[in-house]
Structures are given as C-alpha cells and as structure tokens.
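Reading through the structure tokens given below for one structure.
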Amino acid sequence: MATSERYEPHDFEQRWAQTWVSEAAYAVPDNPGGRRKRFVMEMFPYPSGDLHMGHVENYTIADAMARYWRMRGFMVMHPMGYDAFGLPAENAAIKRGVHPHEWTLSNIDKMRSSFIRLGYSYDWAREVISCEPDYYRWNQWIFLQMFQRGLAYRSTSPVNWCPVDKTVLAKEQISTGVCWRCGTEPEIRDLTQWFLKITDYSDRLLDDMQGLEWAESILTQQRNWIGRSEGAEVVFKLKVDGSDEVHDFPVFTTRPDTLWGATFFVLAAEHPAAAEMVSGTEHEAEFTKFVDEVRRQSEMERVGGKDKSRGMRLPAVAINPVNGEEIPVWAADYVLMGYGTGAIMAVPAHDQRDFDFARAHDIPIRVVVQPEGQSLAADEMTEAAAGTGVLAESGEFTGTKVDPSTQEGIVDVIAWLSEQGKGKRRINYRQRDWLVSRQRYWGTPIPIIFCDSCGEVPVPYEDLPVQLPEQADYGATEDAVSPLANNEEFVNAPCPKCAKPAKRETDTLDTFFDSSWYFLRYCDPKNDKHPFNPGKVAKWGPVDNYFGGVEHAVMHLIYARFFTKFFKDMGLVDFDEPFMRLFNQGHVSWAGKEMSKSTGHVIEASATIDEYGADSARTFILFSSPPEADYDFPADGYGEIGRVAHSWLARVWRILENVSDEPVPDDLNSQVHRSVKAVTADMEDFGLNTAIAKMMELINAFYKRSGPVPRAAAEVFLKLLAPVAPFITEELWHRYGNEGSIHQQRWPTYDESLAELSKVTMVIQVNGKVRDKVEVAPDVTKEQMQQLALDSEKVKSYLNGNDPLKVISVPPKLVNVVVK
RNA sequence: GCGGGCGUGGCGGAAUGGUAGACGCGCAGGAUUUAGGAUCCUGUGGGCUAAGUCCCGUGGAGGUUCAAGUCCUCUCGCCCGCACCA
C-alpha cells in the first residue's frame, strides 16, 4: 500500500551529499580512455567567506550542465579550487589580527562544505588552492621559465604610497581618493617592477580568437583591449629653446595623411624629455606641479575627463618632416606615456581630442582633408572632421582621396614617407606589458635574488618553492617596498651564482598569475616534479566549457590565453587556446547593489539551504532568470528565497511519491515525449529557466490525470529534473526500488512521431492582425490553409466580396490575408 | 570619455521576423481540510463596453516588411569593464 510522507529535503539531502563525497561519485581518471571527454569548469572563487547567492547562481548553472552532459554520455571532469591569494586576506589580517593563511583556509572550509551541501558534482581529489606552496612553487617555476626566455623583465612604474601607514596602496584602497586606513592623500612613488612581455603575443591573441566559441561581445572587448592599429611612425625633430641641439622624436599616427595639418606637438605630461627641457628654467616649478596633478589622476580621468584643456606650453618647437614647419610643443594629460611613443603630432582639424585642446588654447586649426562636396573653414568648425575626404594643402598629395576605414590614400602617404626616410609603416597596440609585481605579503614570492656582482639571478629550480615566510606584519615598510622586506631572514640569501651575500626580491606576484594556468593543474593536481604532466593535460585539455562572469572579459581571459600560448611554445601543451566554449552567466545583485562580503551586503547561501534545502536553492536560482541574464534580488522579502522552488518540489514529491506499474497511456506518452524533446532542446542551449518551465508543464499534465503516475513516465521526468535538483530525484529514484544512482543514468530519448500533436491551432490574420483561429492537422497543406482562411466568416466580412490582394501561408501555424 | 551589454504586466520572465505575456510569483474570488511551509478550482496587460476573436500595448521617435518585442536609423535610461579587487 502506498505511503504518504511530506517532502522533507533535509532528511535525505545531507545523506546523499555525504554519499557522493565518500564514494567519490564524480571522480574521473587521468585518462578518459575511449569515452568522449568533457572538461567543464567555472572560474574558481576567491574565498572571501561563505558562499552567497551570487556564487550559487554561477556554480549551479555549471553543475546542472555538467550533470546533463554526464547523462548524455560524456566523461565529465568537473573540478573546483580556490583563488586564495589576494588583498582581502591582508585587509582582514590588518583589521582583525588573524593571519591571512588562517583566514583564507577557514573561508575555504566554509565554502567547500557549502559546495558539498549544494550537491555540486566536483571531483574533489583535484582540488587546487593557490596559496599553498605545492601550487605557488609552480608559479615561481613558470615565472623563471619566462625570465629565462626574456619574457619577464624589470622596468619603472608608479605606485600609490601612503606616507603615514608606510605601505603601497591598491587602487581599491584609495577608491575614495585617500588611504582606506588613515585618510591620508597618497603619494606617487616610482618603483622598479616586474613585467611580462604579453605584447609579444598580441597578434596571436588576436588571430586565434576565430577558433573560439565565445560570445562575440567578449571577443570584441578583447580585440579592443589589444587595440591593434595600423599606421606610421613619423620622425619629428625637437628643438629646445636656447639650444642648438636637435633631437629626433618619433610619433605614432594612424593618420599620416593629415601630417600637413599638424599645428602642434604634444608630449605625455610624464615624458622624461618634457621634464628635461624645463629643468633649470623658470617653467620648472609650474611644470612639476602640473605633472604631479596629472599623475594623481587615473587614466580614465585623464583621457575622459570633462576638462579638455589641461596642458602646459613647453619651451621647444617641433619640426614637421613633411613641410619643415616649426610647431609649438605642449605637455598634456591626454597623451599617455604608455601608448605609442608617448608623444603625438596634433591635427586639430581632424582629431576631436586635438580639436578640443586647440580651441582651449587658441592654437591654429588647419583643414587638410576636405570631406566630399564640402569646403570646411577652420574657424567655423564645431568638431573635428575625422572621416573620409580629399587632401588639401598637402604638398604633392593635394587632391588625393583618403579613407581611414579602407586605408585608401593613407598607404600611399606611408610609402612616400618611407622613401623619403621620414617615417615608416608601423603597427601599434593599445595593449601594454603586464605588470605582475605587487608590494604585498599575501602572494607568491618572486624567485629572484639580486646580487651586486651578478645582477638579477634566478633562484635555482631545486630551491623552489621560495617559501612565503610566516610573519606577523603585512603593512608598514621603511620605503615603498613589499612587507617581505621587513623580514631579514627572508631577504638575505647567498647569490646562487657566486655565493656572495645578496638580497631576495620582496615583491609578490599579481594573483592573476595564479589564475592563468590553474585549469592545467586540475589535470595533474598532485604532481611534485612539474607544474603538470603534459601527457595528462593532453588527455583532458583544453577546457571544453568555461563558466564565468563578463567582468573577466579582458584581463583574466587574456592572461590565461597568453599563458597557454607560452606553454604551447614550450611544448608543454598541444593546444593554443585554453577555453573552447565560454559561457558568461549574469550578475546577481541584491537591491541593485553587488553582493560583497566586506560590506556585509550578502544573502548567504547557507541560510537558504538551511531553510528550504539545497534542491530548492538550486531550482529557485535557475528558474528565476535566464542563466546569462543579471538578476537582482528584491530589497525586501529575500528571506522568502527558495520558498517558491520548495513548494514546487513538494508538489513534485506529492505527485510522484507513489507510482503505478500500469503502462503509460498514449496521450500521456505523447506528452512525455514532447517534454523530453523540449527540455533537451533547452538544455542544449543552456536554457535552464525554460527547461524548468517545461518540466512544470509535464508535472501539471501528470497532476491532471487521476490516479498515480505510471512509473515509466515518472522516471523519465526524474531524469529530466536530475541535473537541476539532484537530491529529490536521487531519493525518489531509490524509493522506486532502483539500484545505482539516477545521475549515472542516460538522458531520456524521444520519438519524433510520438512527440507530435494531433491538432494545432492555425491563426488567420487579415492584414497582419489575428481575426480567427481554427484547429488543423499538423500536416495541413498551404492550399487547405488558404481555403480555410477564405471560408472564415470573419475574413469574408473584411473582404466584402472582393478578392484578397495576397494570401501568405506559413504551415501549419498561420495564414495572412492581405485585403484592399 | 572609450569599449561591451540590457530595457516586455504589480514582480521574475516566455516568444526560429508569424497568436505578445509560456512557466512561475503576487493579487482577487471560491472550495476543502488531516490547520499545513497547506492543498485545490476560477480569474488576472490597459481601455471602452450591453455585448467585442473591438481598440491600444514590448523605454521613446522614425523606417523596412503581407507581418516587427525581434531587423535598420536616431534617442533616452540602467548595468559591466577600462590595466594594483578578483
């Protein structure tokens, strides 16, 4: 006799969760063998505390898909790890006196147990924690490999320095303009720091995008970030007032065709040449003040600020190579040291930013490209004319048509410049080398020793890891250096080459370094001889499906692509791209604001799980919005989260708890096949919210019939639901008396002919507006449809006895009769 | 400022250029009871109405099309990124 129990998820969810862990239910071997492999992973989390509902969204989407693919017959590797170095651990240490390592690991423990409670199908044996020496030693190994190949080098770069706390400040720590701890205005200090030569890979990073199944918007953002532009390098000569010396000064321009319109020359404010030419003159004080202001600004403020006039006249002239003209030299904030040569020729008539600057300082404007059919006069212009046109006042090129979008005319100017020795073709990139030095404690020590005799000496591989010392101060240093500099024991080391006393590098690596290769470590997480075994990576790599937010569109995703190409060059991997398919899930916010542990603005996952169960949390978050869309939890009533899904799962439980052994009747069978077809199509398209909606329809169909649901139909439903709600489906599956896990079952198939409806609604439109509807067989012909439409009384009333102008039939759904 | 997105009922959202609002929440009326985290039935975009397969309706303004939430142009609003948060 059938028993009846209420849906009490807590009774069985934790039992199954523990079973899956203890039986390593989702472990996969190093070699998937003959099975089709699928490497599925999510961007690993920063362990800031317990999981919040934003995490639940990200990881549930990926887990549901991983479970679906497993049921589709793939051998799925689904690993998890923790991006465990970083600023918040140090902040917590400074504020609360807990060691970053301790703080981080306790957060990891909380997150791991929430992952387990949520039933995520991870292979726990592959877990990676980036702050542990068995991981970061390989960061050091990779860094040294890059160093040996000339891809890691040192150069000067400014940092923000708090003179009170005596520490380098991250941008986030001065988001209010002052130091987050003491409120002091930061100073700018120049430090010698480590860079990676990612620009060597710019072209490959661009070219290889074509093989990626990523959203076009992400690829576009990457393209724009790399910012390849074709143009010319043109050599101007610079003459400083009161000096006879003339220096060559190249500039990069995408519009060499407008050279004849250059009316001034601009150096980046921080260009050393600018400082040099005012040094010892009456302009020096004013200039120093100006540069100081500019350097305090972010790049965004500099380039995008409202004030388009910030600049200062320098005591020099530049000589235009195409006409020998002497033009004034300025320093301005809108020219960046890091782009091109740090100097530009300014053509106000044909560049908007130059135009704004020229107008602000009464610098002459000269039109040298006349747009077709126009005759622009400089003093009447209200904006620059950056488009196509015909060259004017441009020497022998006067009359030449130029088009920046096709390079028409421009290539001819470049060829001429080369011939004349005045310039040459050049491709410039917006992308800059990657600054990886951080003046922080909680990161990977950079494995270099500085020796007075031998210079930059790599720590020998056999001495890795350079262990991060256990020390208690993470803040103040005497000068703008890393807190590790306070640790004498760490700093002093013999030179590996000559054995004389030497000093270690005290900077640590940017945490983006850690996340640039962790997916490879998942393939071989315990290797203590190498970062990974190439044979193992060859079996599982590259990642087939990567899940993560759009906020990583450029930096992380470009850095990981760069590392992969570097490993390819080393012969360690046999693929060029790390992530074949990328899925960008939406952002989850609450009351319009991003959830953040540090501000306490979070909806913690465990609260929802405690109250309604893990299946409810999963189902709710997947049903609430399409996976790629942002979702904002309402400001009030968030405590009700999960109730909606819980009551539906309770309904599923009531309807399917008891099943019958009768065969599935035809009409129900047809509905089941239709549901399988629809849900499968949605799953293939990551349409988890609509897939759940279609499961709801099937449950409603089950409910409408009287008596218990036939077991065969119920089991099909459970398999459809299994990726979304793994616990209730496993529980009912076992209650039906099945052996083994439902999650090892194959995804149900459907029969197209059974899935078909016997009747469909045909809509009859007149001039595109619905006027009538009739039921037709799905294989109705166009002729039959037309006849039905013309027979409609409704249509006849619009025709008034006339013939229709046109009849359009879309079998079997729609006929449109065009009248009058 | 530059680059990339998104705008549909009271709410989350659904719609290969082809019935706008699937599915669900909420709300209203009702039923029932083992009073539960109940359950079930009916209704639910707006307007006018005696009645309508009547009119209006997908941020706004134009356009293309037999047909536009969907395609095009312009525009407004919001979100993400912009190189030391990750």
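Quick notes
- Number of positions in region A:574-588 that are surrounded by 19 or more Cβ atoms within 10 Å (Cβ to Cβ) and within 11 Å of RNA strand B (Cβ to nearest atom): 3
- Some residue of region A:656-676 being within 11 Å of RNA strand B (Cβ to nearest atom) and in contact with a helix residue (DSSP H, G or I) (Cβ under 8 Å, 6 or more places away or on another chain): no
- A single entry from A:202, A:106 fulfils the requirement of being away from RNA strand B (no atom under 15 Å from the Cβ) and part of a helix (DSSP H, G or I): A:106.
- Residue, farthest from RNA strand B (Cβ to nearest atom), within region A:756-771, restricted to residues that are touching a residue at least 40 places away in the same chain (Cβ under 8 Å) and among the hydrophobic types (A, V, I, L, M, F, W, C): A:757
- Residue A:481 being touching a strand residue (DSSP E or B) at 6+ places or on another chain (Cβ under 9 Å), within 16 Å of RNA strand B (Cβ to nearest atom) and of a type in the set (A, V, I, L, M, F, W, C): yes
- Residue list for region A:49-82, restricted to those being of a type in the set (Phe, Trp, Tyr), more than 26 Å from residue A:132 (Cα to Cα) and in a helix (DSSP H, G or I): A:68, A:69
- Filtered residues of region A:803-820 (kept if of a type in the set (Val, Ile, Thr) and either touching a Leu at 6+ places or on another chain (Cβ under 7 Å) or outside any strand (DSSP E or B) (or both)): A:818, A:819
- When residues of region A:589-618 are limited to those that are crowded, with 17+ Cβ neighbours inside 10 Å and acidic (Asp, Glu), the one nearest to the chain's Cα centre (by Cα): A:604
- Hits in region A:490-507 - residues which are assigned to a loop (DSSP other than H, G, I, E, B), farther than 12 Å from residue A:458 by Cβ and of a type outside the set (A, V, I, L, M, F, W, C): A:500, A:506, A:507
- Here A:39, A:44, A:85, A:12 are screened, and the one residue that is farther than 22 Å from residue A:626 by Cβ and in a strand (DSSP E or B) is A:39.
- The set of residues in region A:787-816 that are within 13 Å of RNA strand B (Cβ to nearest atom) and closer than 27 Å to residue A:753 by Cβ comprises A:788, A:809, A:810, A:811, A:812, A:813, A:814, A:815.
- Residues of region A:85-115 classified as without any contact (Cβ under 8 Å) to a residue 60 or more places away in the chain and small (Gly, Ala, Ser), total: 4
- Residue within region A:800-811 that is surrounded by 13 or more Cβ atoms within 10 Å (Cβ to Cβ) and either in contact with a Gly (Cβ under 7 Å, 6 or more places away or on another chain) or within 30 Å of residue A:24 (Cβ to Cβ) (or both) present: no
- Filter result for residue A:294 (of a type in the set (A, V, I, L, M, F, W, C), closer than 25 Å to residue A:405 by Cβ and within 15 Å of RNA strand B (Cβ to nearest atom)): no
- Residue A:567 in a helix (DSSP H, G or I) and modelled with pLDDT under 95: no
The values are calculated or read from the model by the stated rules, or taken from the named source; none is laboratory data. Because the structure is a prediction, the values reported are computed rather than measured. Note that we place each Cβ from the backbone using ideal geometry, even for glycine, and neighbour counts take in every protein chain shown.
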